[in-house]
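A short worksheet on the structure shown next.
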Amino acid sequence: MKPNPLNCLVRALLNLTCLVATHSTWAQSLPPTAVWLADIKDGRLGKPQLISPTTGYHNQPRFSEDGERLFFTSEQEGGQTDIVEFDLISGETRLLTSSAESEYSPIPIPGDHALSVVRVEPNQRQRLWRLDLQTLELTVLLSSVEPVGYYDWIDSDNLALFILGEPVSLHLATLSSGRSHLRFEHIGRTLRGGVKHGELFFIDKNTHPWQISAMDLDTGIVSKVRLLFPGTEDFWLSTDGSLWMGSGAKIYRSVSTDRLWRLVEDLSEYGLVEISRITLNPANQSLAIVSAFGRE
C-alpha cells in the first residue's frame with residue numbers, strides 16, 4: 001500500500017515542531033551557572049577560583065589536551081551562546097565565536113588544532129561543527145547527523161552522540177563516513193570515551209536510580225559500573241580510571257578497587273551549590289566545576 005501523502009506531510013510537520021520546541025525550550029530555560037577552577041593536590045581540592053561571570057549561563061567546560069586552556073560555553077548579551085577560552089597560565093579569557101547562532105559543548109578534536117561544537121543553525125538544525133583554533137572558521141563535521149544534543153570523541157574518527165528525540169538515544173558516528181547508527185536508548189547527557197580502547201561510559205536512565213554503564217564497542221555488551229545519586233546525570237572519567245561526580249555542594253570520587261563514592265570536598269563555604277558538570281585536566285591536577293551561583 002502506498003503511503004498517504006497527507007499523512008506523510010502531517011508527520012513531517014509534527015517532527016519539525018518537536019525539534020523546534022526542543023531547541024526553544026532549551027534556549028529559554030538556560031539556568032544561571034558559573035565555572036570555577038580548583039587545584040588538586042594529594043587528593044584534596046584547593047580553594048575554587050571563579051573564572052566566568054556571575055550572571056547568565058556559563059557551562060560545559062573542557063580542558064585542552066595540554067591542560068593549559070579551558071574552553072566553555074558562555075551566554076552573551078542577547079541570549080545566544082558563544083565559546084570562550086580561558087588561559088590557565090595568563091588568566092585571560094578569549095572569545096572564540098561571535099555570531100548570531102549559538103554554539104555549545106566545546107571539545108578538543110583529538111590530534112587536531114580545533115574544537116568540535118554543537119551549533120544551533122538559523123533553521124534550528126543542531127549539528128556538529130569544527131572550530132579552527134587558528135583561523136576561528138567554522139565548518140560542519142557531520143552534515144547529515146542531527147539533532148545532536150551532546151557528544152564525546154572516542155578517537156580521532158569515532159564519536160558517541162546524544163541524539164534528541166523521543167526517546168533520546170545513543171548513536172555512534174564515524175567522521176570519515178559521515179554516518180551514525182543507533183546503539184542504545186534512554187540515556188543521560190554525559191558520554192565519556194573509556195580509558196581502555198573500545199569502551200564508552202554513559203548514563204543509563206532505564207534504571208532507578210540512574211547508573212553509569214560501560215559499553216564494549218566491539219561486542220555491544222553493556223555492563224553496570226556505578227549507581228548515581230538520585231537526580232544526578234553528570235560524571236567525569238579521569239585518565240587514571242577514577243570516576244568523579246558532583247552533588248549539591250560536594251565533590252565525590254570512586255575508584256575501581258573500591259566502587260563506593262567517597263567525599264573529596266564540601267565546597268559550600270565558597271558559595272558553590274547545585275554542582276553539575278565537572279571535568280579534570282589530563283594530568284588530574286585541575287578540576288573545572290559548574291555550579292549555580294549565589295543561592296542558599
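Relative contact order for the range 38-137 using alpha-carbon pairs under 8 Å, separation at least 6, rounded to a whole percent?
Working: 191 pairs, mean separation 16.4, N = 100.
Relative CO of the range 38-137 lands at 16 percent.
Length gain on complete extension for the stretch Ser268 to Gln49, per 0.36 nm per residue less the alpha carbon to alpha carbon distance?
On the way: separation 219, 0.36 × 219 = 78.84 nm, distance 1.36 nm.
That pair, Ser268 and Gln49, stretches by 77.5 nm at full extension.
Calculated FRET efficiency, Ile221 and Glu65, Cβ-Cβ r, R0 35 Å, to nearest 0.05? Intermediate results must be reported in sequence, preceding the final value.
Values: r = 30 Å, r/R0 = 0.85.
FRET efficiency, Ile221 to Glu65: 0.75.
Taking the highest mean first, how do the peptides 277-290, 239-252, 132-145 order by number of other beta carbon atoms within 10 angstrom per residue? Please list the in-between numbers first.
Values: 277-290: 20.0, 239-252: 18.0, 132-145: 14.3.
Listed from highest to lowest mean packing, they are 277-290, 239-252, 132-145.
Once you list every other residue whose beta carbon is under 14 Å from the beta carbon of Leu170, what net charge do they have if Lys and Arg are +1 and Asp and Glu are -1? Don't jump to the answer; show the numbers that get you there.
On the way: positive: Arg183, Arg189, Arg192, Lys205; negative: Asp152, Glu185, Glu199, Asp204, Asp216, Glu233.
For residues surrounding Leu170, the net value is -2.
Angle, helix 5-28 long axis vs. longest principal axis of the chain, Cα atoms, 0 to 90°, nearest 10?
The helix 5-28 is inclined about 20 degrees to the chain.
Quick check on my link table: of Lys41/Lys205; Lys47/Lys196; Lys41/Lys196, which ones sit more than 30 Å apart, alpha carbon to alpha carbon? Before the final figure, lay out the partial values.
Details: Lys41/Lys205 34 Å; Lys47/Lys196 32 Å; Lys41/Lys196 25 Å.
Among Lys41/Lys205; Lys47/Lys196; Lys41/Lys196, the Cα-Cα distance tops 30 Å for Lys41/Lys205; Lys47/Lys196.
Keeping the other protein chains in place, figure out the carbon and sulfur percent of the accessible area of the chain, with a 1.4 Å probe.
Values: 7250 of 14400 Å².
Answer for the chain is 50 percent, counting heavy atoms of protein chains only.
Which value, in debye to the nearest 20, describes the size of the charge dipole of the chain about its Cα centre when Lys and Arg Cβ atoms bear +1, Asp and Glu Cβ atoms bear -1, and nothing else is charged?
On the way: 26 positive and 36 negative charges, 184 e Å.
The dipole magnitude comes to about 880 debye.
Report the net charge of residues surrounding Arg130, where surrounding means a beta-carbon distance below 14 angstrom and charges are Lys +1, Arg +1, Asp -1, Glu -1.
Working: positive: Arg119, Arg127; negative: Glu103, Asp112, Asp132, Glu137, Asp157.
That works out to -3.
Just want to confirm a number: the relative contact order over the chain, from Cα pairs under 8 angstrom separated by 6+ residues, in percent.
Values: 692 pairs, mean separation 40.1, N = 296.
With pairs under 8 Å counted, the relative contact order is 14 percent.
What whole-number value in Å² describes the accessible area per residue of the range 117-255 for a 1.4 Å probe? Display every interim value, and only then the final one.
Details: 5940 Å² over 139 residues.
The answer is 43 Å² per residue.
Given 0.36 nm per residue, what is the gain on full extension from Gln285 to Glu166 after removing their alpha carbon distance, in nm?
Numbers: separation 119, 0.36 × 119 = 42.84 nm, distance 3.88 nm.
Separation in residues times 0.36 nm, less the Cα-Cα distance, equals 39.0 nm.
The values are calculated or read from the model by the stated rules, or taken from the named source; none is laboratory data. Values in this document were obtained by computation on a predicted structure and should not be read as measured data. We place every Cβ from the backbone using ideal geometry, glycine too, and count neighbours over all the protein chains shown. The accessibility values were calculated without ligands, DNA or RNA, using every heavy atom of the protein model including side chains. Shrake-Rupley method; radii C 1.70, N 1.55, O 1.52, S 1.80 Å.
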